[in-house]
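Below: the structure, in structure tokens.
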Amino acid sequence: MRGLIIKDFLYLKNTWKNLVIIFIGSLLISIALGNFLLAICALPLTLLASTINTFQTDEFFNTESYTLSLPLSRIKIVTARFLYTILMLFISFFIGLVLYYLIRFTIRPGRNGLNTDMLKYLIMLESASLLVDSIFYPIIYKVGCEKSRLVLLSIVMLLLGIGSILSVYVNVFDNDFIDFVSIINFIQNNGVMVLGIIVTITTIISYFLSILFYRHRDF
């Protein structure tokens, strides 16, 4: 299982030039805007989002056939992918933290350009990215990487359709029906905690669903 995690990390070797360009571009934009939130978040979020690319790389090189021939259960294969994702979550946040202090002590922007609230935003954005991964993973393990895009597009369109019907005929989005101001204030005050709880629960459910789907998938 350790080898599977190392394999996924080795895929990043081929993308380091792109990662450097992404950081330089985000840094230049941040300097021009006088706000360094993009410089802190762009590279970490790109690294975390790259976990999805490991599925595409495995399909391209037909890695699944080789992996399944090893003395590893499908549970361990799924566990290795989730462990890799969690490791990337911590690594990407650490990189964002390093970038924050490097910018703080080298460029020395003002409080409006760089503050500790940006680290909170980074945590929330990474949590949201992990939430997206948790939705993607079971679908990919069920139907594969290519078909998963169509499945997710179908789900999004269905949700948008239901939301449109509710907004037009039920007035569920009317301010008298739902107090959006209170919801927004609650998110601002407890956003990290609420998002953390949601992501944790969703990731656990995603893990067990992924195992269930992968164990019954034929290759």
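Length gain on complete extension for the stretch Leu28 to Thr63, per 0.36 nm per residue less the alpha carbon to alpha carbon distance?
So the extension gain works out to 8.8 nm.
Find the lysine pairs in the chain meeting two conditions, Cα atoms under 25 Å apart and a separation of 8 or more places or different chains, and report how many there are.
Working: Lys7/Lys17; Lys7/Lys76; Lys7/Lys142; Lys7/Lys147; Lys13/Lys76; Lys76/Lys142; Lys76/Lys147.
The number of close lysine pairs in the chain is 7.
Computed over the stretch 16-95, the P(r) curve from all C-alpha pair distances, binned at 10 Å from the origin, holds 16, 36, 26, 15, 6, 1 percent per bin.
For Asn115 and Ser154, the difference between the fully extended length at 0.36 nm per residue and the C-alpha to C-alpha distance is 10.1 nm.
Restricting the stretch 86-122 to trypsin sites (Lys or Arg not before Pro) that sit in a DSSP loop and have at most 15 other Cβ atoms within 10 Å of their own Cβ leaves Arg111. The distance between label points at Ile75 and Tyr11 comes to 2.4 nm (points 7 Å beyond Cα on the Cα→Cβ vector).
Using a 1.4 Å probe on the protein heavy atoms, what percent of the accessible area of the chain belongs to carbon and sulfur? Walk me through the numbers before you get to the answer.
Working: 9430 of 13510 Å².
Answer for the chain is 70 percent, counting heavy atoms of protein chains only.
State in Å² the accessible area per residue of the chain; use a 1.4 Å probe, count heavy atoms of protein chains only, and round to the nearest integer. Display every interim value, and only then the final one.
Numbers: 13510 Å² over 219 residues.
Per residue, the chain has an accessible area of 62 Å².
Screening the chain for whole DSSP H helices with an alpha carbon extent of at least 24 angstrom along the helix axis and a mean Kyte-Doolittle hydropathy of at least -0.5 yields 16-33, 37-60, 74-106, 117-143, 145-165, 180-215.
Take every Cα pair under 8 Å in the stretch 1-142 that's 6+ residues apart, average their separations, divide by the length, and report that relative contact order as a whole percent. Each step should come with its number before you reach the end.
Working: 91 pairs, mean separation 48.6, N = 142.
For the stretch 1-142, the relative contact order is 34 percent.
Across Met1, Met118, Met157, the residue with the most accessible area heads the list, and the full order at a 1.4 Å probe is Met157, Met1, Met118.
According to the square roots a ≥ b ≥ c of the eigenvalues of the Cα gyration tensor, what is the shape class of the stretch 45-153, taking rounded for a/c under 1.5, prolate for a/b larger than b/c otherwise, and oblate for the remainder? Write down the numbers at each step before the final one.
Working: a/c = 3.10, a/b = 2.28, b/c = 1.36.
Cα axes put the stretch 45-153 in the prolate bin.
The values are calculated or read from the model by the stated rules, or taken from the named source; none is laboratory data. No experiment lies behind these values; they were computed from the predicted model shown. Cβ atoms come from the backbone with ideal geometry, glycine included; neighbour counts cover every protein chain shown. Ligands, DNA and RNA are excluded from the accessible area calculation, which covers all protein heavy atoms including side chains. Shrake-Rupley method; radii C 1.70, N 1.55, O 1.52, S 1.80 Å.
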